[in-house]
Protein chains: 2
Amino acid sequence: MKIGILGGGQLARMLALAGYPLGLGFVVLEPAADACAAPLAGHIQAAYDDPDALQQLAAKVELVTYEFESVPAAAVEQLGASLPVYPPANSLAMARDRSHEKNLFRELGIETAPFFEVHDLQTLRLAVEQIGFPAVLKTRTLGYDGKGQQVLRAGDDLQVAWETIGQAPAILEGLIGFEREVSLIAVRSVSGELAFYPLAENHHENGILRLSTCLHDDPMQARAENYAQRLLENLNHVGVLAIEFFQIGSHLLANEMAPRVHNSGHWTIEGAETSQFENHLRAILGLPLGGTAAVKHVAMINLIGELPDASAILGLKNTHLHLYGKAPRIERKIGHITVRETSEQALQERLLQLKNLI
Amino acid sequence: MKIGILGGGQLARMLALAGYPLGLGFVVLEPAADACAAPLAGHIQAAYDDPDALQQLAAKVELVTYEFESVPAAAVEQLGASLPVYPPANSLAMARDRSHEKNLFRELGIETAPFFEVHDLQTLRLAVEQIGFPAVLKTRTLGYDGKGQQVLRAGDDLQVAWETIGQAPAILEGLIGFEREVSLIAVRSVSGELAFYPLAENHHENGILRLSTCLHDDPMQARAENYAQRLLENLNHVGVLAIEFFQIGSHLLANEMAPRVHNSGHWTIEGAETSQFENHLRAILGLPLGGTAAVKHVAMINLIGELPDASAILGLKNTHLHLYGKAPRIERKIGHITVRETSEQALQERLLQLKNLI
């Protein structure tokens, strides 16, 4: 069976690596000639909204998924007319727009930071009156890795921030002094089967995820799973859904969700009984989901901007290197490292050694 | 970096799957149009001894390895003139010929079953006089999965057996009533670093490997590693070397070796800290070798001849399916299943369930 993927980056690449052992084949639709998934998949090089390319893709595959949530709705509609596209269009529509997403959280009783929609400078001022400082202005669409966000700390910041984000439709959120950020990788299959991975605790540098550590028996696990189940079932979602939360004391605030495999779940390749990539494929194919338990104590470090000395990294036992075949470039995610150790202490020691190498 | 592989079957496919995360690319040289490694590698479709094809391969890659030991010596020689080929030619030469192989075992003080070279009916009779019945006649070259072998139980069998194996140069071996067959996956890198996986116990059906179970702290481990080290260092071997042994009481008799990744090491993909495929690549690239310890209690079952119901297999927790993308055909290895459990008992129970499904 052949699967089509919109997007040919590292997520598509890791989906393909997980899918070959299930006997699957892959075709990616991706405008970049040097798409890093292309060496291990068929590659249709075209824009995502090119109707001819979409038709060509539909003719070659039996099912379509995607690796990023800003897939054009029209592309999903065109493909959906002739074959299944998972996750479904409404999951995409929700995740694509921060306002829809936050309102859905609210409707489903999932706690969030306070937020208001912003259409212009006037609604921004009104939102600031409600929320106070500090607050963060975020474009409703197309933001990722901290892009399209501006922090407001005083009244003087409003106009600059509004211009910096391009006067695009936005939301203003209270800037939460959270204790930690955690994320949940959840999966729902075509048959409605659910699975949840252990929460991961995430640390960012310059707005880009740097470190995810798999948590064991975390007290927030049950609530996060409950929230995820509400979302998965409300959306009739199929595939992986990743949800980022801020924790403050006993509060777990949903920050955002991604209807796809997610960077904070890369630790699952070696670290869980079944990887998020394999479970995404199992879910969209209607196969039984694989176990999600952590195999050991595991963490993942992103490689950003420059390649490390592979020999030094691999010289550390229990580290696993994942290079994406992408040219190094500032702030670009070009790989990650998974560490799998038998104790929390060994894991933390190994992470310290690794940080000196990257 | 691009690696060339002679052969484009499942071993090449699993090498490629293990190599992409190291940032590698692959080109296979393989005559079959439907080579199962081809969807995830460049594919030069030509005979292994086609000088133009070999030249084309050499121009595209920086290093060559292979997935089977009957690679033509001339091909290795041609490639070796312009780039490194690992494992080295002498490992190939030894493994390709049962007589050379057995004599090497003997020279290095590695116990074997009694054996004699057979050139014709007369030398076969002389060999039988020395060894007695039962004995097994094996062609010196091109035997695999029980092919090219005839068991002799009485004087009447000699002529038929000799004709059945095509009157090819052969050896006669004592047919050992062994207690178990075990195999060792050993690795030696360009730098001379050594690593050994835990022994696996193997069970065959109709001469084809069916089940390999990873052993824990087996009393034969140290001796098997010692034997492997003698071979690796004598051959100046680089890459994985697999050695099959028969055990009778306290005797460990080397049966044969393969200078490549091996079916009895497929359990290492999920079952060991680093897979045999990744360690083979690390070895030939001169990277530090990865840990070889078993992650849990692990076994591998080969899928032979027909595809199982993937849904039923994946419905059993802790089972991992590996399909090779090959058309089902009688006696053909088309995939394998790895089972990873937290106890020996859970593993044996799971294997029983699996056997009912395949």
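The values are calculated or read from the model by the stated rules, or taken from the named source; none is laboratory data. What you see is a predicted model; the values in this text were computed from it and never measured. Virtual Cβ from ideal backbone geometry, glycine too; neighbours counted across all protein chains shown. Heads up: the accessible areas ignore ligands, DNA and RNA and are worked out on the full protein's heavy atoms, side chains in. Shrake-Rupley method; radii C 1.70, N 1.55, O 1.52, S 1.80 Å.
A few points about this structure:
- Odd one out for residue B:304, checked against (1) more than 9 Å from chain A (Cβ to nearest Cβ); (2) open to solvent by less than 20 Å² (accessible area, probe 1.4 Å): (2)
- Given (1) crowded, with 16+ Cβ neighbours inside 10 Å; (2) out of contact with any Gly (no Cβ under 9 Å at 6 or more places or on another chain); (3) of a type outside the set (Phe, Trp, Tyr), index of the condition residue B:61 fails: (2)
- Matching option when the condition is acidic (Asp, Glu) and either under 28 Å from residue B:336 (Cα atoms) or open to solvent by less than 10 Å² (accessible area, probe 1.4 Å) (or both), among B:193, B:233, B:205: B:205
- Every residue from the range A:308-325 that is in a loop (DSSP other than H, G, I, E, B) and either within 27 Å of residue B:270 (Cβ to Cβ) or at the interface with another protein chain (Cβ under 8 Å from one of its Cβ atoms) (or both): A:308, A:315, A:316, A:317, A:318, A:324, A:325
- Residue that is surrounded by the most Cβ atoms within 10 Å (Cβ to Cβ), among those in the range A:344-356 that are more than 26 Å from the chain's Cα centre (by Cα) and in contact (Cβ under 8 Å) with a residue 24 or more places away in the chain: A:346
Here's the yes/no breakdown for (1) farther than 30 Å from residue B:222 by Cβ; (2) of a type in the set (A, V, I, L, M); (3) in contact (Cβ under 8 Å) with a residue 40 or more places away in the chain; (4) open to solvent by 20 Å² or more (accessible area, probe 1.4 Å):
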residue: B:54; (1), (2), (3), (4): yes, yes, no, no
residue: B:65; (1), (2), (3), (4): no, no, yes, no
residue: B:73; (1), (2), (3), (4): yes, yes, no, yes
residue: B:99; (1), (2), (3), (4): no, no, yes, no
residue: B:102; (1), (2), (3), (4): no, no, yes, no
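- Among the numbered conditions (1) within 28 Å of residue A:339 (Cα to Cα); (2) not in a strand (DSSP E or B), the only one that residue B:213 does not meet is (2).
- Note on the range B:114-128: among residues that are touching a Gly at 6+ places or on another chain (Cβ under 9 Å) and not in a loop (DSSP other than H, G, I, E, B), the one that is nearest to residue B:162 (Cα to Cα) is B:125.
- Qualifying residue in the range A:247-259 (condition: in contact with a Pro (Cβ under 7 Å, 6 or more places away or on another chain), open to solvent by 20 Å² or more (accessible area, probe 1.4 Å) and not assigned by TED's automatic domain parsing to the domain that holds residue A:66): no
- Any hit, the range B:293-306, residues being within 29 Å of residue B:25 (Cα to Cα) and in a loop (DSSP other than H, G, I, E, B): yes
- Every test in (1) open to solvent by less than 10 Å² (accessible area, probe 1.4 Å); (2) part of a strand (DSSP E or B); (3) farther than 30 Å from residue B:27 by Cβ; (4) not aromatic (Phe, Trp, Tyr) is passed by residue A:3 save one, and that test is (3).
- Verdict on residue A:163 being within 30 Å of residue A:268 (Cβ to Cβ) and surrounded by fewer than 16 Cβ atoms within 10 Å (Cβ to Cβ): no
- Annotation: of all residues in the range B:14-32 being under 23 Å from residue A:22 (Cβ atoms) and more than 13 Å from chain A (Cβ to nearest Cβ), the one that is surrounded by the most Cβ atoms within 10 Å (Cβ to Cβ) is B:30.
- Qualifying positions in the range B:278-297 - open to solvent by less than 10 Å² (accessible area, probe 1.4 Å) and either at pLDDT below 95 or more than 12 Å from chain A (Cβ to nearest Cβ) (or both): B:280, B:284
- Out of B:136, B:128, B:118, one residue alone is surrounded by 16 or more Cβ atoms within 10 Å (Cβ to Cβ) and closer than 26 Å to residue B:223 by Cβ. It is B:136.
- Cβ-Cβ distances below 8 Å connect the following pairs, each with a first residue in the range B:329-343 that is assigned to a strand (DSSP E or B), a second residue that is surrounded by fewer than 13 Cβ atoms within 10 Å (Cβ to Cβ), and a separation of six or more residues or different chains: B:334/B:306; B:334/B:327; B:334/B:328.
- Among (1) at pLDDT 95 or above; (2) out of contact with any helix residue (DSSP H, G or I) (no Cβ under 7 Å at 6 or more places or on another chain); (3) part of a helix (DSSP H, G or I) - the single one residue B:111 does not satisfy: (3)
- One residue from A:265, A:249 being closer than 21 Å to residue A:68 by Cβ and not hydrophobic (A, V, I, L, M, F, W, C): A:265
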